[in-house]
Every structure is written in structure tokens, then in C-alpha cells.
Amino acid sequence: MAKDGHKYIFVLGGVMSGVGKGVVTSSVGLLLQQKGYPVNLVKVDPYLNVDAGTMNPTEHGEVFVLRSGLETDQDMGNYERFLGRDLTNEDYMTSGMVYQSVIARERALEYGGKCVEAIPHVRDEILHRIESAAEYNGSRISVVEIGGTIGDFQNALFIEAARVLKMKHPDDVLFVMVSYLPTPGTLGEMKTKPTQMAVRDLNSYGVQPDFIIARSKEPVDQKRKEKLAIWCNVRKDRIISAPDISSIYEAPLNFEKDKLGDAMLNALHLPEKKRASLAAWKKFALATMNTKAPEVTIAIVGKYFDTGDFVLSDAYLSVIEAIKFSAAKLNHRAKITWVNSKELEKNPKKIAQVLGKYHGIIVPGGFGETGIEGKIKAIQFAREKKIPYFGLCYGMQLMVIEYARNVLGLKDAHTTEIKKNVTHPIVDVMLEQKKHLADNKYGGTMRLGVYPAYLKKGTLARAAYKKELVEERHRHRYEINSSYVKQLESAGLIFSGTSPDGVLMEIAELPRSVHPFMLGTQFHPELQARPLTPHPLFTEFLHSAISRKSKRKY
Ligand code: GLN
């Protein structure tokens, strides 16, 4: 069972989803880490998908790829950004993963002829995974976020596993409930009842929360804290008010003001250690909230826009954050506008009117045909009008296709992802991917995770990174077709980053003499951008966008 004395904090959601369990988990992680305790953060996703790679970003948000290549939930991105370090496969689990292991064991007769059941076998697999994550990371405290809301069918087994852990190690396990206190417009008064009900619901699992993070529009007053304390059986000083904030990066600072970290250490019977300062974090958080900072305007041309109830920005979360970090570093505020590539496709004549006003243009990662010609038109416009352009994965592949079509004159250049028998397959499926596609093996089979790239001397990429060898995270099946590389290079395109054997093109760019910033990466640099260490390519891109701004007259 639990590593001796290892501490666990389970974060659960009450009342409704979308109130910021991920931000609470990340913030608690950061605070405890700053207090000198090694922390790992675990996300439990109750979906039956074996990983997040097969989920549509318009329904589930961005797929965040770990260094190892595991495709995970976007919360893992926030965890890495708050902790400032890489997380591992052990730190993420879905119901699908858990069941897959149990079923594989059953097929291998490892249960010795027993009936295999949710309790104890699935529950114990969950416990085993939570404990392995602690072990693997060498952490002292694990903060585990259980996805979904209390009362869901899907996450009940995970809550049950947490209950058992607490029962066995009463001094080492804490439960934190992130709840919501609504203020109905007609009443104008903040209500505690839904939170009371959520706690009762949680009690019916045999679990009592130790802390309540009370999310609400305005701060929760003393009177309501008293009411919650009495009705929910939680000490008043462990009911933490968490009103809406303008930047998620402010959350740990607010929690620190309320001494949440110390209260948790106290509840876990851990001594307070010499605390590291949050000064650098504070400086960064204030920069992201500085509404007086000059603005740099960025258009993101994408297709994930028909989203119904879904929050659009989630599909490109890491891209947005990466832009924010670099903008803050340059003492600017990025204003991001979403441009629907399908609209550009329908009205190509309007491109100048739609895109001409931005300081920079990004085409992010993507799949499939929808809106693709609109994206290519946007890239052509950025190239011809010398607007800083940054292409991420698909955005790089399309940048090379645009160059082949309009500069090399290969009019029907395309990617075989869209057009199987194209005359000029500038972007083609990677060799090892062909079999996966033929066998319909889509899950977890792309080129995933970290790969090294060498950067050519004298290029924009090399100047930005200031080093020769970089490691970046990937998620793609297609690549630049090496048989066109010479032709493209002789037409002026530079492949400034390649795999160490020189076979895979990792970065394409135009010389600075031709364009201020026209660069695309086959990898996803946004996945490694962190608040205190912004990504050099994003910073360089924004730097060019800011120079364009100062040159333009409005
Ligand atoms: N669809 C492209 C590929 O599979 C690009 C993927 C991406 O942008 N992540 O290669």
C-alpha cells in the first residue's frame, strides 16, 4: 500500500463542472513545491478512452502531449506550467487505461481463476497507479485531481479508491472539495445550499472533505463561511474563498494570502520548511494582468470554431498560454483574435481586410481538410505582405505547401492527408505510419513526444534558441517529403532544423532578408512554454510582431 508517510491530497469537484479544479490542483502543487516539498500532480480522467488522443478538441479541449509521448488531458499542461517541470505517464490515468490493464491481466490468467470485479480489482489497480506515480516521481506529496463532479457514475470507483487510501492512512490523506456558490440574479445573495448538498453527497461515499475551496463571483463572507462550517462539518479556517480572477496565474498568490499551503501542511502533519519566494511568479502573474501594457495583436487562423457550448480557446490552450508568456516577457499584452479559416476560404477577396490589421498570424496544429485552403491563403498573405507568421505542425506543413505552389510553381502541391494521389505530395505520410492507417490503428500511433533536432548555423531558429541541439514534442503522421527538399531550398526556403540523421524536416523558415519572421515547426513548441521560461520561438515571433506594430501607422 502507500509508501510510508507519503501524503496524498485528492481534489474533487462539487455542484458543477468547470469551476477550476485544475487550477486549484496546479496552485496547491505550486505552493507546496515552493514550500520545499517535492510534488507530483495526477489527473484522473473518468473517460473510457485509453488516452486523450482520440478525443475531438472541440469536445474535450486540447490534447496535451507529455515528453514521453502520452496524449493527455489539457489539465496536464496546466500542471506542467505551474510546476515548471515535466510530468510522466504515471501522472495520468483514464478509466480506459485502468480497465485495459485489468482485462489484460485477466486474459493472462493472473487473477488465478477468480471473478474479476470492479471492487476490489479495478479499485486496486487505481490505487496501484496512484502509488506508482508517487514512487516514480520521488515526490513527497501527490495531488490527485479526480475528473468530473461528485455524484457522477463514472468517477465513483476513483473516489472509492481514495476513501480506502484514507481509511488505511488517516493521517496521510486529505480531501479538498472545489465547490461553487451561486448568486442568483433575482436574489442578489450568495447561496451555500448547493455546496451543503454536494458535501452530503460526498459523505454518502464515506468521504468527508477536509477543505472546501469555495468558488464564487465575489469573495465568500464570514457569515457564509460559518454556515458552511456548521453544515458541512469543515473547520472555518479550512473554507477558502476563491472568487473569480482575471488570470489563473493569480490563484496561487491568492491562496498563499489565505495561507492555504501552510494549512494543508498542518493538516498533513508535515512541518513548514523554509519557504521559497513566490516573487518571480508574482512578477509574471502581474505582467499577464497588466491591462496598461501595450497591445500586440495576433490572429490565430484555425478551424475548431463550430463548437456549440464548448469554450473555443480550450482547443488551442497551450498556444494561447505560450503567447501570453512571451508577451509578458516583452512587457506587452497579447490580444488574440480567432479567424475561421472556413470563412477565409469562402471569401478569399476579404483576406486583406480580415488579416491585414494584425501584427502577427499563427496557423496552429490541425487535421483534415476543413478550411485548409483558407489557411493556405492566409499563409500566402502573411508571406507576401511580410506579416510575421508562425506555423505550428499543420501550420508548418501548409506553409511549405504554399511555398511549393506559389513560389516553386507546383500548382497542385498538397499533402497526401487530403489528396491521396496528388502529383506533388510535398507533405506525405511517414513510412511507419502507413501500416497503422491501413490497420485502422489510430490511437497512440502518431509520431509522439520528444525528438531531438539540429539547428543550422546562421538561421532564425538557431539565433532564437541560441543552441544547436533542441528537444521538442511532436504529434503528427505526415512530414515534409524529403524528395522535394532540394527544390524547395533552391527556391529560397531554409530547413533550419532537422532530425539528427537529416531525414526529417523539423523547422522551415525564410531568410530574415526576405521576411521579418516566417517560420514553421513540425513539432509543437507551445507544449514546452512555461510561465517563467517562455519559449524562444514564441518570443522571437512576438518580437517581430511588436516591431511590425511600431512600424505601422494606424
Ligand atoms: N495533420 C498533420 C499530421 O498529422 C498535422 C498534425 C498536427 O498539426 N498536430 O501530420
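The values are calculated or read from the model by the stated rules, or taken from the named source; none is laboratory data. As the structure is a computational prediction, the values presented were derived from the model and not from experiment. Positions of Cβ are generated from backbone atoms using ideal geometry, with glycine treated the same way; all protein chains shown enter the neighbour counts. For accessibility, only protein heavy atoms count, side chains too; no ligands or nucleic acids. Shrake-Rupley method; radii C 1.70, N 1.55, O 1.52, S 1.80 Å.
Brief remarks on what is shown
- Violating pairs (Cα-Cα greater than 23 angstrom) within the set Lys349/Lys385; Lys283/Lys551; Lys236/Lys274: Lys283/Lys551; Lys236/Lys274
- A helix-only calculation puts the chain at -11000 deg cm²/dmol for mean residue ellipticity at 222 nm, using -39500 (n - 2.57) for each DSSP H run of at least four residues, averaged over all residues.
- Cβ-based net charge around Lys166, under 14 Å, with every Lys or Arg adding one and every Asp or Glu removing one: -1
- Taking each residue as 0.36 nm, the span from Met16 to Arg107 lengthens on full extension beyond its C-alpha to C-alpha distance by 28.9 nm.
- Global geometry of the stretch 150-239, whether rounded, prolate or oblate, following the gyration tensor of its Cα atoms and the 1.5 cut on a/c: prolate
- 3J(HN,Hα) from dihedral phi, the stretch 423-439, Karplus parametrisation 6.51/-1.76/1.60, rounded to Hz, x for glycine, proline: 5, 10, x, 4, 10, 10, 5, 5, 3, 5, 7, 4, 5, 4, 5, 4, 8
- Extending 7 Å from Cα along the Cβ direction at Leu437 and again at Asp262 yields two label points whose distance is 6.0 nm.
- Potential extension, Glu384-Lys335 segment - 0.36 nm per residue separation minus Cα distance: 15.3 nm
- In plain terms, the chain from Asp244 to Lys357 could stretch by 37.5 nm, reckoned as 0.36 nm per residue minus the Cα-Cα distance.
- For the stretch 69-142, diffusion coefficient by Stokes-Einstein and Kirkwood Rh (Cα), 25 °C, 0.890 mPa s, µm²/s: 177
- Local electrostatic count at Thr415 - Lys and Arg +1, Asp and Glu -1, tallied over other residues with Cβ under 14 Å: -2
- With all pairs of different C-alpha atoms in the average, the Kirkwood value for the hydrodynamic radius of the stretch 81-225 is 17.7 Å.
- Projected onto planes of every orientation and averaged, the convex hull of the alpha-carbon atoms in the stretch 1-50 covers 5.2 nm².
- Per-selection metrics, the stretch 26-106 (Cα): Rg and Dmax in Å: 13.6, 43
- Simple label model, 7 Å out from Cα along Cβ direction - Ser482 to Lys419, nm: 2.5
- Considered as an equivalent ellipsoid built on the Cα gyration tensor, the stretch 438-513 has semi-axes of 25, 16, 9 Å, the largest given first.
- R0 of 56 Å, Cβ-Cβ distance Glu117-Lys292: FRET efficiency to nearest 0.05: 0.40
- For the chain: span of alpha carbons on each principal axis (Å, largest first): 73, 63, 47
- A Förster distance of 60 Å, applied to the separation of the beta-carbon atoms of Lys346 and Met167, puts the FRET efficiency at 0.50.
- Amide H contacts of Glu506 (H built 1.01 Å from N, under 5 Å, at least 5 apart or other chain): Gly497, Thr498, Ser499
- Heavy atoms of the protein chains alone define the surface here; on that basis the chain has 42 Å² accessible area per residue at 1.4 Å probe size.
- Within-12-Å neighbourhood charge of Gln34 [Cβ basis; K, R +1; D, E -1]: +2
- Principal axis extents of the Cα atoms in the stretch 237-337, from largest to smallest and rounded to whole angstrom, are 51, 34, 19.
- Value of D in µm² per second that Stokes-Einstein yields for the stretch 385-519, Kirkwood Rh from Cα pairs, at 25 °C (0.890 mPa s): 158
- Protein heavy-atom surface of the chain, 1.4 angstrom probe: 53% of the accessible area is carbon and sulfur, with nucleic acids and ligands not counted.
- Fraction of antiparallel bridges per DSSP, the chain only, in percent to nearest 5: 30
- For the chain, the Cβ-based charge dipole about the Cα centre amounts to some 2200 debye (Lys, Arg positive; Asp, Glu negative; other atoms uncharged).
- Accessible-area value, Asp171, 1.4 Å probe, nucleic acids and ligands omitted, Å²: 90
- Taken over the Cα atoms of the stretch 407-458, the convex hull encloses 122 Å³ per residue.
- Value of Rg to Rh for the stretch 356-422 (Rh from inverse mean 1/r over Cα pairs, i.e. Kirkwood): 0.96
- When the alpha-carbon atoms of the stretch 465-554 are used, the pair Rg, Dmax equals 14.8, 47 angstrom.
- Percentage of interatomic Cα-Cα distances in the stretch 178-223 larger than 17 Å: 34
- The stretch 375-442-the stretch 343-363 distance, computed between alpha-carbon centres (Å): 19
- Glu468 versus Arg275: modelled label distance in nm, points set 7 Å from Cα along the beta carbon direction: 4.6
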